[in-house]
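Undergrad: First, the structure itself, so that you have it in front of you.
The values are calculated or read from the model by the stated rules, or taken from the named source; none is laboratory data. Model, not experiment: these values are computed from the prediction. FYI the Cβ positions are ideal-geometry reconstructions off the backbone, even for glycines, and counts take in every protein chain you see.
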Amino acid sequence: MPRILIAEDDLTSCRLLEAMLVKWGYQVEITRDGEQAWAALQQPDAPKIAILDWMMPGMAGTEVCQKVRALPTTVPPYLILLTAMNEKRNIVEGLRAGANDYVTKPFDSAELKARVEVGRLVLELYSTLANKVSELQEALDHVKTLQGILPICMHCHKIRTDSESWQRIDTYITQHTDVNFSHGLCPDCLEKYYPEDDSEEES
């Protein structure tokens, strides 16, 4: 279960939220104003779900949302605004500030649990996607490709490099791709360069 941050200056609401979340199996970190919440959410091990009261001393929940969304992260936290304002324009304002969801006061425990569960599932998807992107980037970092026109000598078949030097074709390809060469003899070269071996095999 992810840890959940509560930012609520009202002691009664804070204790009620904490009791519910602990009952549902979550670990809870409590802050009492917007400044404390903002400081906690900047930490490397910050909780990935935050329930932020809209109206708090020092910094409003919407301002905390805006600041958190400016932080660089691969898995952004899931932010739920807690508010007594339930008009559509207020909800839109909160979502535009960066909140993922909202719960109106007085909150219903079943609704709160459902919204927190949605946040947990979204975070799991974010984490899975971030891991896939990391794996893809790692794979791309190991991929080397050749493209464009390669100047090659018509007689010795050496490749002219970007530094205007000439390299054997097998050396050049090894340096610019993930190909490794093993050496052998084709039938034509066997007959041309080792005719005696070829004739011994026939006899």
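Undergrad: Could you list, in sequence order, all residues of the stretch 18-76 that are in contact with a Phe, Trp or Tyr (Cβ under 6 Å, 6 or more places away or on another chain) and under 21 Å from residue 111 (Cβ atoms)?
TA: Listed by number, the residues that qualify are 49, 61.
Undergrad: Here's a follow-up. Please specify each residue of the stretch 1-15 satisfying the condition of being surrounded by fewer than 16 Cβ atoms within 10 Å (Cβ to Cβ) and without any contact (Cβ under 8 Å) to a residue 24 or more places away in the chain.
TA: 11, 12, 15
Undergrad: Still on this structure, I have one more. Among the residues of the stretch 28-41, which ones are farther than 13 Å from residue 8 by Cβ and either more than 24 Å from the chain's Cα centre (by Cα) or modelled with pLDDT under 95 (or both)?
TA: 35
Undergrad: Somewhere in the stretch 65-77, is a residue in contact with a Pro (Cβ under 8 Å, 6 or more places away or on another chain), buried (at least 17 other Cβ atoms within 10 Å of the Cβ) and of a type in the set (Val, Ile, Thr)?
TA: yes
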